[in-house]
Amino acid sequence: MTTTKLTDAGKQALAELVSLTEADNKLPGFAIAVTNTDEQLFASAGGNKVFGNPTSGKVTPESMFWICSLTKLITSIAALQLVEQGKLSVDDPVSKYIPQFNKVVVLEGDYMSKETRPYPGRPAKEAITVARLLNHSSGLAYFTRNPEVAHSNPACSSIKHGPTREATSERFIQLLQEEYPGVPVFFEPGTAFTYGFNTDILGVVIEKVVGKSLEEYCKETIFKPVGMKTTTFRLTEESNQKLVGMTFRNADGSVSPWADHTRLMLVTLKKGFGWAGLCYLIDPATGIAIVVGSQVIPTMDAGAVALFNKVEDIVYANLG
């Protein structure tokens, strides 16, 4: 099979796009990378690590980005490795590893009303399985209190580490359950799709299977083997020097540095975190992968998405 390449004209067009985007100064520091199955075809970056501050240093392809929910991809790969090794089955019920999942309740009706709390829900007929965590059909959601709030169980999104890994996981499950008599889900497991805590729970399952932290396992079986030398779950003094600062897109389209902590509260409560300006695709048909990264919220920032779309158009118009 012939490996797909990016033509010289395509590389030149991407380089020009980087220059134009940087000169436009409407998107915070960003990076672009294109690869095939054998090699990196293009990598470049533009802007400053702290938006509007030239003294912070330039963003480079070696800069560090907070990848947010792209961690779902890494965690899913880790789980599928264990499936390949026969240490985990996609048909395993999650309750095999996390006893609290023996009792799952489906939220129906007016469960968000203060008058109906604590809402009992109804017992789920179907089990939450590893497969349903992987394909996001478990019913676990971010929206157990208010559908207009992206992370309406903020305690789960900001949990502090306990004295042990096991204690932290146990606390997370407690927070996830809230006041309900079982683990709450939005629908009967396996019947629909929702974006939520599926991969968080999958990470706990992985830790139970391998007897070590998800971070340790990913370092050993994913990061080191493929040469991801700086990818980490925890920042260090050294990595902080490479970190690209987070920014906020204001209603008028302008961008503000991440300095006002009231903005942090606003976004947490009303808009939600998530991709933070990161977009990617993996195309098995061509063997091409593209990632475009910035650090800007609210999620799905129009400027970040527009840049990704331009990169995608250039790449697919210049494959050889």
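The values are calculated or read from the model by the stated rules, or taken from the named source; none is laboratory data. Everything quoted here is computed from the prediction, not taken from an experiment. Ideal geometry is used to build each Cβ from the backbone, glycine not excepted, and the neighbour counts take in all protein chains shown.
Can you tell me which residue within the range 45-85, out of those that are in contact with a helix residue (DSSP H, G or I) (Cβ under 6 Å, 6 or more places away or on another chain) and in a strand (DSSP E or B), is nearest to Met246 (Cα to Cα)? Checking each candidate, the answer is Met64. When residues in the range 1-44 are screened for being touching a residue at least 12 places away in the same chain (Cβ under 8 Å) and outside any loop (DSSP other than H, G, I, E, B), 22 of them pass.
Tally up the residues in the range 175-201 that are over 29 Å from Thr35 (Cβ atoms) and not in a loop (DSSP other than H, G, I, E, B), please.
The number of residues fulfilling the criteria is 7.
If Ile206 satisfies every condition in (1) at pLDDT 95 or above; (2) surrounded by fewer than 16 Cβ atoms within 10 Å (Cβ to Cβ); (3) in contact with a Phe, Trp or Tyr (Cβ under 8 Å, 6 or more places away or on another chain) but one, which is the exception? Condition not satisfied by Ile206: (2).
In the range 293-320, what residues are surrounded by fewer than 23 Cβ atoms within 10 Å (Cβ to Cβ) and in contact (Cβ under 8 Å) with a residue 60 or more places away in the chain? Within the range 293-320, Thr299, Gly303, Lys310, Ile314, Ala317, Asn318, Leu319, Gly320 meet the criteria. Assess whether Asn36 counts as being modelled with pLDDT under 95, more than 20 Å from Tyr280 (Cα to Cα) and either among the polar types (S, T, N, Q) or crowded, with 20+ Cβ neighbours inside 10 Å (or both). When the stated conditions are applied, Asn36 does not pass them. Within the range 94-108, residues that are under 11 Å from Val205 (Cα atoms) and in contact (Cβ under 8 Å) with a residue 40 or more places away in the chain have Cβ atoms under 9 Å from residues that are among the β-branched types (Val, Ile, Thr) and part of a loop (DSSP other than H, G, I, E, B) in these pairs: Val94/Ile128, counting only partners at least 6 apart in sequence or on another chain. None of Ser89, Ser63, Ser76, Ser69 is under 22 Å from Gly190 (Cα atoms) and modelled with pLDDT under 95 except Ser69.
Residues in the range 71-110 that are over 25 Å from Glu166 (Cβ atoms) and surrounded by 17 or more Cβ atoms within 10 Å (Cβ to Cβ): Val106, Leu107. Within the range 148-177, the set of residues being of a type in the set (D, E, K, R), surrounded by fewer than 16 Cβ atoms within 10 Å (Cβ to Cβ) and at pLDDT 80 or above comprises Glu166, Glu170.
Checking each residue of the range 215-227 against the condition of being farther than 26 Å from Arg122 by Cβ, at pLDDT 85 or above and part of a loop (DSSP other than H, G, I, E, B) gives at least one match. Report yes if some residue within the range 275-282 is modelled with pLDDT under 85, surrounded by fewer than 18 Cβ atoms within 10 Å (Cβ to Cβ) and under 30 Å from Val94 (Cβ atoms); otherwise report no. Looking through the range 275-282, none of the residues is modelled with pLDDT under 85, surrounded by fewer than 18 Cβ atoms within 10 Å (Cβ to Cβ) and under 30 Å from Val94 (Cβ atoms).
Checking each residue of the range 257-265 against the condition of being at pLDDT 80 or above, assigned by TED's automatic domain parsing to the domain that holds Asp24 and aliphatic (A, V, I, L, M) gives no match. Within the range 56-91, the set of residues being acidic (Asp, Glu) and outside the structural domain of Val296 (by TED's automatic domain parsing) comprises Glu84, Asp91.
Of the candidates Val209, Val204, the single residue that is in contact with a Lys or Arg (Cβ under 6 Å, 6 or more places away or on another chain) and in a helix (DSSP H, G or I) is Val209.
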